[in-house]
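The values are calculated or read from the model by the stated rules, or taken from the named source; none is laboratory data. The shown structure was predicted, so the numbers you read here are calculated from the model rather than taken from an experiment. No Cβ is skipped: glycine too gets one built from the backbone with ideal geometry, and neighbour counts run over all protein chains shown.
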Amino acid sequence: MASVTTTSKNMPKLVMEKLLRMRSKLTRWILIHGLGRWLIAILAVLAFDVALDRFFKMDFAQRLVMLIAMGVAAVVYFGIRVVKPLFSRLSDDALIYEVENKNPELKESLLSSVQLSRDEDWKQWGTSAALAAATIEQGIEKSKLVDFSKALDLSRHLQNWLLLMAGLAMAAGVGVGISQTEFLKTWFNRNILLLEDQWPQATYLEIVGAVDGELILPRGGDHRQLVRVTEDSLESDVSVSLETSHQGGKTFHQMKPTGKLNGREHVFVFHNVSSPFRFRASGGDDVTSWVDVKLVEPPSVIQLDLNVLMPAYTGVTHRELQGVGPHSVLVGSRLDVGIRTNKALSAANLKLDQEVYPMQLGEDDTQFNLTIPGEGQALVGGEYEFELVDSSGMKSSRRSKFRVTIKEDDVPKIRASLLGISGLVSARANLPASYQAVDSYGLTQLAFDATWKTGDNDEKTGQRELVFAEPRPGEDGLPIRQVKDFAELDLELLGLSPGTSFRFSVTAKDNHPGKPNVGRSQEFLLRVVTDEELRADLLRREIEQRKAFDDQAYQVQLALMTEIQAIAARTRQDGVSQEEFDSKREAALIALVRKQKGVGTVLDRVANRFEEFLVEVKNNRLDEAENQLAPDQRIETRFDERIIGPIRQLDSELISLASRQFDNARRAIRDQSELEEIVDQSVELQLAILEEMKRILSAMADSESFQEIINDFLEVKSKTTEIKGGIKDRIKPDDGIFDGDDDDIFDK
């Protein structure tokens, strides 16, 4: 068909009217032709979409793509089949040509009439006007007898009508099916309305926690994903897997049954979720839609402030705790807890096991605080954990916690030591003790706790607590927490008899308002003896020290003088080099230096022991009787002036000088003349040391002799007193003779 458009100017009116009626019928023909085929094609595409979704269960994205593709295809195909033909206008000549072809009897008279009627200047073409007019009139007359619409293919037009009717009927059937059947309704909801309806199937899977195709998870945590087979599933014993889609591609994970809900629940754990992804589950004949995982920062504690509100008796208002513990908290304390979070919260709780403490909002919705326990309650130890909930309802994934242990008030710590007391004491002894007591919060009392027993039985026969100090708060009003001092325990106050086994320790009480804690030092075990026994023991120990002085100091010093002389007199033998000879003599001199220092150590030890003897005598009050008998021979004179003082002086002056001389001799080992000169000086010093040692030994011997005499005298005096007392007891009248009035008759 021609597509060139020509003008209808001067066209005969009858022909023009018939052409217009023909053109109107042609438009209907084209419209019905295009609509019928377009509708059938759309129904075919929809049928394909139904089959595709039913057998492959497309997800939301795939269904959306298919809907868009079908819409685009429908629009494009409508343009091709309907719009484009309608706007492709045929020329009048083309229509007349088709009429001529359909009506051969016209013999192109109609076409000639139309063409001649358009041109009025016939002469220039050499055409007679009369002939032209006759031709036009002839064409008009013949057109009256012709139906132009018969030029259209009426049989094809009927087919188009039938095809359109069939398409409309099928479309109506689809509409009825959508409203009346579950099958087409499910397809329509899934693929046209893009809902999440499921096709009828034996197994239905449910992704727990997903809402509208989204799952919000905390960033960086582990997520335990559950997938359940619904109760209305015909087949529930199926294997379930997860398909994840992420930047690196797709991954398949096999889920494990949890053993719950009769095996309908399956689980898989996503570890350290740090980037968004999506997943879906498949099992049996069901494949779920994709679930997009969105990550948000979980609420967490970025600052923890812990303060212990201490009991009043401690003198401490509060104590700050650092870190999450475990922290030891004193009984009776309260805990002030404050936190700052990384984001705004809707709620914050502090949990201990099943107990929940709601926290109070601070300056803003990222700060919360709480003081526990309440009035009249006791703080409980354990692991406290924060439960945080943000504005979206997400809870904290990483556990924020701290641990508290409850401790009792510590027992005071006390150390004590006896000064100048051995294992034997007299019944009148003063026991001096140096002590140091420390308590965490305050001391209120220091005492001697003594027990004793008489005889060989194990049961105690006496006990007594002797308080010697009660520390008061200091000038600042705070309790005294540390004491270091001396105290004396007077045994005479206890009235102990010789043969008593005596134990005591130093105790310290703290300021606990309830039952005070009592700390004890180490226990001291003493035996009470008579003055005679104690003097005899002291004399024995004094003799031991004199023998130690003689054997370990005097005799060694005497050997040192001989050895230094022998070293100086040595001569080098044949076959021995000078270096070897000097080396041996140097080694010998080094040994002498060590021995000389060893003598000094012995002297210091002996002096210390005599000082202890002196203190022990005074503590046991043994010097009182001696001072009465021989005031000019006081023990201070015998020990301090004649033994201890000379030993200290000998050690600090002569012994140290002798060590330096031995060392000088070592340095002069290669100069024989200088060595001999130093040796001569050393020998003179050694003689002086030995002479001083003899005087000290003599003083020790004199002291021992004097002590023996004193001991014998006091023993005789004691025996005499006992004899007199026995005689007096024998001649004392019977208590019943004077009916209790003997106190008025006899002077006791």
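Tabulated data for the structure shown
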quantity	calculated
Residues being touching a residue at least 24 places away in the same chain (Cβ under 8 Å) and outside any strand (DSSP E or B) - total across the stretch 209-245	16
Residue in the stretch 546-558 that is more than 60 Å from the chain's Cα centre (by Cα), buried (at least 17 other Cβ atoms within 10 Å of the Cβ) and farther than 19 Å from A701 by Cβ present	no
The stretch 321-352: number of residues that are of a type in the set (D, E, K, R) and under 18 Å from the mean Cα position of the chain (by Cα)	2
Single residue of the stretch 258-268 satisfying the filter (under 14 Å from G284 (Cβ atoms) and more than 33 Å from the chain's Cα centre (by Cα)) that is surrounded by the most Cβ atoms within 10 Å (Cβ to Cβ)	R264
Residue among A416, A427 that alone is out of contact with any Gly (no Cβ under 9 Å at 6 or more places or on another chain), within 30 Å of D531 (Cα to Cα) and of a type in the set (A, V, I, L, M, F, W, C)	A416
Test: residue in the stretch 459-470 that is closer than 24 Å to S434 by Cβ, surrounded by 12 or more Cβ atoms within 10 Å (Cβ to Cβ), out of contact with any helix residue (DSSP H, G or I) (no Cβ under 6 Å at 6 or more places or on another chain) and assigned by TED's automatic domain parsing to the domain that holds S698	no
Residue pairs meeting the criteria (Cβ under 7 Å; at least 6 apart or on separate chains; first under 18 Å from V615 (Cβ atoms), in the stretch 424-441; second among the hydroxyl-bearing types (S, T, Y) and assigned to a strand (DSSP E or B))	A433/S417; S434/S417
One residue from E196, E206 being assigned to a strand (DSSP E or B) and of a type in the set (D, E)	E206
Candidates E691, E708, E674, filtered to the one that is at pLDDT 70 or above and loosely packed, with under 12 Cβ neighbours inside 10 Å	E691
Pair list, Cβ under 6 Å, 6 or more apart: the stretch 655-670 residue farther than 16 Å from E579 by Cα, other residue not aliphatic (A, V, I, L, M)	I655/G600; A658/Q596; S659/Q596; S659/K597; Q661/S682; F662/Q596
Subset of the stretch 51-95 that is surrounded by fewer than 16 Cβ atoms within 10 Å (Cβ to Cβ) and β-branched (V, I, T) - its residue that is modelled with the lowest pLDDT	V83
Close pairs from the stretch 311-336: first in contact (Cβ under 8 Å) with a residue 12 or more places away in the chain and on the phi > 0 side of the Ramachandran plot, partner of a type outside the set (G, A, S) and in a strand (DSSP E or B), Cβ under 6 Å, at least 6 apart	G325/F402; G325/R403
Scan of the stretch 487-500 for residues that are within 25 Å of K413 (Cα to Cα) and without any contact (Cβ under 8 Å) to a residue 60 or more places away in the chain, ordered by number	A487, E488, L489
Cβ-Cβ under 7 Å pairs, at least 6 apart or on other chains, the stretch 19-48 side modelled with pLDDT of 70 or more, far side charged (D, E, K, R) and assigned to a helix (DSSP H, G or I)	G34/R81; R37/R81; W38/R81
The stretch 484-510, residues that are buried (at least 17 other Cβ atoms within 10 Å of the Cβ) and under 13 Å from A450 (Cα atoms)	L489, L491, L494, L496, T500, S501, F502, F504, S505, V506, T507
Given (1) under 19 Å from the mean Cα position of the chain (by Cα); (2) surrounded by fewer than 17 Cβ atoms within 10 Å (Cβ to Cβ), index of the condition L304 fails	(2)
Boolean, Y313 is aromatic (F, W, Y) and at pLDDT 90 or above	no
Of all residues in the stretch 511-554 being of a type in the set (S, T, N, Q) and modelled with pLDDT of 90 or more, the one that is nearest to D409 (Cα to Cα)	N517
Members of the stretch 249-268 that are more than 11 Å from S236 (Cα to Cα) and small (G, A, S)	G249, G259
Residue under evaluation A668, criteria (1) in contact with an Asp or Glu (Cβ under 9 Å, 6 or more places away or on another chain); (2) modelled with pLDDT under 80, criterion not met	(2)
The stretch 478-504, residues that are within 55 Å of the chain's Cα centre (by Cα) and assigned to a strand (DSSP E or B)	Q482, V483, K484, D485, F486, A487, E488, L489, F502, R503, F504
Count - residues of the stretch 371-421 that are among the acidic types (D, E) and free of Cβ contacts under 8 Å to residues at least 24 places away in the same chain	1
